[in-house]
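Okay, so here's the structure we're looking at.
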Amino acid sequence: MKIHEFQAKQLFNAYNIPTPKGQIATSTEEIPRAVEHAGAFPLVLKAQVHAGGRGKGGGIKIVNTVEEAIMVSSGLLGKTLVTPQTGEEGKPINHLLIEEVLHVAKELYLGITVDRIKTCVTVLASAEGGMEIEKIAAGTPEKLFIENIDPGIGLRPFQANRIFFSLGLDPALSRKMSGIILNLYRLFIDKDCSLAEINPLIVTKGGDIIALDAKINVDDNALYRHPDIASLRDLGQENPLEVEASRYNLNYIKLKGNVGCMVNGAGLAMATMDLIKYVGAAPANFLDVGGGATSQMVTEGLKILLSDTDVKVIFINIFGGILRCDTLAKGVVEAARQLEIKLPMVIRLEGTNVEPGRQIFAESGLSFTVANGMGDAAEKVAEALKRVNGE
Amino acid sequence: MSIIIDQHTKVLIQGITGNEGAFHTRQMVEYGTDVVGGVTPGKGSQKFEGIPVFNTVKAAVDATGANASAIFVPPPFAADAILEAVEAGIEVVVCLTEGIPTIDMITVRHYMKGRKTILIGPNTPGIISPGKCKIGVMAGYIHKEGSIGIISRSGTLTYEVVDQLTKRGIGQSTCVGIGGDPVIGHKYVDLLEMFENDKDTDAIVIIGEIGGQAEEQAAEYFKEYMKKPVVAFIAGVTAPPGRRMGHAGAIVSGGVGDAATKIRTLEAAGITVVKNPAEIGQTVISVIRRCK
């Protein structure tokens, strides 16, 4: 789960990681008061969206007067920010972070993540802050310092020290910097993060070390033990159809094509999307109804598929294991009746209780195209799409 | 022959009295798996359909001689269940649970270093040596005894591949779901080594997906050490970057773990990569023929 920069900075403050003085505003009316709290001009206004590249998208602006702050904020709040990472639809700006502008002497990078191959937590640091870390790793890997953490003893002060000295800073900053590294690690472990990143972490002309930006992603699997973090979820930053799907424990991701697909299992769902592409069409979504889907979940899944107006053909690909084919068939038939589905539907069923499942479709009186195997299904989907497009 | 489990494997079910555990215990017994006991704290000395239930894994092992365990325990308790099984000296632990926090699994893997236990999963459909033993939730009847080894990060996509093979008369030696999470037990490389050394396995199918670098490691291992043919499929060519595609492990981030890179790396190592998921079975057949 992603959280906003201002929420991450609140966590930083709770863990003694210094951040610029700042204030959050959710409407232009709040700007004068927020400006007063943030300190002396110039100030920076930062649009709070769940995506990087905000500066490039025009979501970070310097202002010099209250009037200017109000004017700039009215151009951001309630609007949509498009950045290189949001896709063309952008993300809504409902929060602005107003912060003091600091005098930067040096920009550093500090990040903590999980190394899947070494199965440990890893601290990354670089004296080349402000750049995308992926670019540093690819272009100048010698400028990226990596410290792997032994799960048995955690991050030790000697390692924080080693990270500090890799950065080539004034030795007088050692204590401050090590403190930040150790505190960020503590936060990472305490809150089950999958990523905790400060880019840039700045050294000010006055010799302070301050987190200018903050990015925290939390392991979805661990949210059950962090209700405080779970409550920070901002549904406004997510696709409404995806939010609706998550209410029914369905895994849905909106894509750009026009073949709506419903599949059980994540791997098969991805393979189905790939198959659709292979026959020259494009998937409208990823929808995994999961191993233990009920017929109600299947019905809700179909409703979500159909509320996407891009969808022209529906493709249901189910390999019954725990999810029995007859359960699925009941859900599909029920949904088709309720929703009076007019779109062509191609159905491919295999696995547990496949015969009763096929029978339910045959006896439903509704028109489904039943396919034999994935290859056959793909061809039928492509044909149906051609008919819809009048080819 | 087969790898990891066979007709001599004695299986314990951790969480045998839960909904999932109970249902799949029946399925496993029906398939012919030798389920010798179950563990549910507080229900020791009871029986589950004739199978003795114990309070602890240690007590169950002492009484039954179980050497494998299947874990059907909810996510908050599953990491602890793995640790308990490892500590009790179980040789093969199959963790079916989906949704275990990553940090918990890092701790588990750390504890397992230097111990002999093989961990399959978590978030796996399990492992099956057709006709001999099934520890997991896969439908047994789609499998057939034979000589193809399967290693997969997916569940239903594995069934799809098995089905394509079985329907063409090609059986499997052992099918292993390594699990869809970022941190797992046995990986492609560990299993490729076992299949390479298994005299009854002729060829191996890898069913991979986006995220991580496990397929790249497999490619490297294949190039260096393997003589048997390997066929691979990578799911997620069409997946958008940065999104979790159902499995927690299936996220492409910062250009690492995307399908195109994986496919290129596998092909460069000499592995046959299938692009159309409908043609995996057919490709395996033609690869075996070519090798004979």
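What's the ranking of A:20-28, B:35-43, A:43-51 by average number of surrounding C-beta atoms within 10 Å, highest first?
Details: A:20-28: 18.3, B:35-43: 20.8, A:43-51: 23.4.
Ranked from most to least packed, the peptides come out as A:43-51, B:35-43, A:20-28.
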Exercise. What trypsin sites (Lys or Arg not before Pro) does the stretch A:208-250 have in DSSP loop regions with at most 11 other beta carbons within 10 Å?
Worked result: none
Exercise. So which GluC sites (Glu not before Pro) in the stretch A:43-108 pass both tests, a DSSP loop state and at most 12 other Cβ atoms within 10 Å of the Cβ?
Worked result: A:Glu88, A:Glu89
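Using the reciprocal of the averaged 1/r over all distinct C-alpha pairs, how large is the Kirkwood radius of the protein assembly as shown in Å? All intermediate terms of the calculation are to be shown ahead of the outcome.
Working: mean 1/r = 0.0372 Å⁻¹.
Radius from the Kirkwood sum: 26.9 Å.
Let me know the shape class of the stretch A:24-152, please: from the alpha-carbon gyration tensor, a ≥ b ≥ c as square roots of the eigenvalues, rounded when a/c is under 1.5, otherwise prolate if a/b is greater than b/c, or oblate.
Values: a/c = 2.43, a/b = 1.94, b/c = 1.26.
Prolate is the answer for the stretch A:24-152, as a/c is 1.5 or above and a/b outweighs b/c.
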Exercise. For chain B, taking Cα atoms only, what is the radius of gyration to one decimal and the Dmax to the nearest whole Å?
Worked result: 18.5, 57
Exercise. By how many degrees, 0 to 90 and rounded to 10, does the Cα axis of helix A:5-14 deviate from the longest principal axis of chain A?
Worked result: 50
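Where does the stretch B:139-292 land on Rg(C-alpha)/(2.2 N^0.38 Å)?
Numbers: Rg = 14.4 Å, N = 154, 2.2 N^0.38 = 14.9 Å.
Compactness ratio reported: 0.96.
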Problem set entry | Candidate lysines - alpha carbon under 20 Å from A:Lys254, same-chain residues fewer than 8 apart omitted | A:Lys2, A:Lys91, A:Lys277, A:Lys303, A:Lys312
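Set the Förster distance to 41 Å, then compute FRET efficiency between B:Ala59 and B:Gln213 from the Cβ-Cβ distance, nearest 0.05.
Numbers: r = 41 Å, r/R0 = 0.99.
The pair B:Ala59/B:Gln213 has a calculated efficiency of 0.50.
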Exercise. What is the pair-distance distribution P(r) of the stretch A:160-214, computed from all Cα-Cα distances in 10 Å bins starting at 0, with each bin given as a whole percent?
Worked result: 22, 55, 20, 2
Exercise. Where does each of A:Ile209, A:Ile202 land when they are ranked from fewest to most other beta-carbon atoms within 10 angstrom?
Worked result: A:Ile209, A:Ile202
Problem set entry | Angle in degrees between helix B:188-197 and the longest Cα principal axis of chain B, rounded to the nearest 10 | 90
Exercise. Once Lys and Arg get +1 and Asp and Glu get -1 on their Cβ, which of B:Gly149, B:Leu83, B:Val36 lies farthest toward the positive end of the dipole of chain B?
Worked result: B:Gly149
Exercise. Taking a temperature of 20 °C and a viscosity of 1.002 mPa s, what whole-number D in µm²/s does Stokes-Einstein yield for chain A with Rh from Kirkwood over alpha carbon pairs?
Worked result: 90
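Counting partner chain Cβ atoms within 10 Å of every residue's Cβ in A:350-359, what's the average?
Numbers: counts 8, 8, 4, 1, 0, 0, 0, 0, 0, 0.
For this peptide, the per-residue mean of nearby foreign Cβ atoms is 2.
Taking the Cα centre of the stretch A:239-388 as origin and charging only Cβ (+1 Lys, Arg; -1 Asp, Glu), how large is the dipole, in debye to the nearest 20?
260
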For this session: Would you mind checking the tilt of helix A:354-363 against the longest principal axis of the Cα atoms of chain A, expressed as 0 to 90 degrees and rounded to 10?
Result: 70
Seminar exercise, completed: Of the residues A:Leu306, A:Tyr252, A:Val332, the Cα lying farthest along the dipole of the stretch A:239-388 towards its positive end, which is defined by charges on the beta carbon of Lys, Arg, Asp and Glu, belongs to A:Leu306
Problem set entry | Average Cα contact separation per residue, chain A, under 8 Å, 6 or more apart, as relative contact order % | 12
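Over the stretch B:139-224, what is the relative contact order in percent, taking alpha-carbon pairs closer than 8 angstrom and at least six residues apart? It would help to have the intermediate numbers written out before the result.
On the way: 119 pairs, mean separation 31.8, N = 86.
The normalised contact order for the stretch B:139-224 reaches 37 percent.
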For this session: Take the Cβ-Cβ distance between A:Lys135 and B:Lys228 as r, set R0 to 30 Å, and report the resulting FRET efficiency rounded to the nearest 0.05.
Result: 0.15
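Report, in debye and to the nearest 20, how large the dipole of chain A comes out about its Cα centre when Lys and Arg carry +1 and Asp and Glu carry -1 on their Cβ. Please list the in-between numbers first.
Values: 40 positive and 46 negative charges, 61 e Å.
That gives chain A a dipole magnitude of about 300 debye.
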For this session: Consider all pairwise Cα distances in the stretch A:104-230 and report the whole-number % of them above 19 Å.
Result: 47
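Using DSSP to define loop residues, name the trypsin sites (Lys or Arg not before Pro) in the stretch B:92-143 whose beta-carbon has at most 14 other beta-carbon atoms within 10 Å.
In loop regions of the stretch B:92-143 (DSSP not H, G, I, E or B), the sparsely surrounded trypsin sites (Lys or Arg not before Pro) are B:Lys113, B:Arg115, B:Lys116.
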Exercise. Which whole-number percent gives the relative contact order of the stretch A:239-388, counting Cα pairs below 8 Å spaced six or more residues apart?
Worked result: 23
Problem set entry | Stokes-Einstein D for the stretch B:1-123, Kirkwood Rh over Cα pairs, 25 °C, 0.890 mPa s (µm²/s) | 172
Exercise. Using a basic spin-label model with each label point 7 Å from the Cα along Cα→Cβ, how many nm lie between B:Lys43 and B:Lys167?
Worked result: 3.8
For this session: Within 10 Å of each Cβ in peptide A:315-326, how many partner chain Cβ atoms are there on average? Round it to a whole number, please.
Result: 3
Problem set entry | Reachable lysines, given that their alpha-carbon falls under 19 Å from the alpha-carbon of B:Lys228 and they are not under 8 places away in the same chain | B:Lys187, B:Lys199, B:Lys292
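Where a number appears in this text, it was derived from the coordinates with a stated rule and is not lab data. What you are looking at is a predicted structure, and each value in this text was computed from that prediction instead of being measured. Here Cβ is always computed from backbone atoms with ideal geometry, including for glycine, and neighbour counts include all displayed protein chains.
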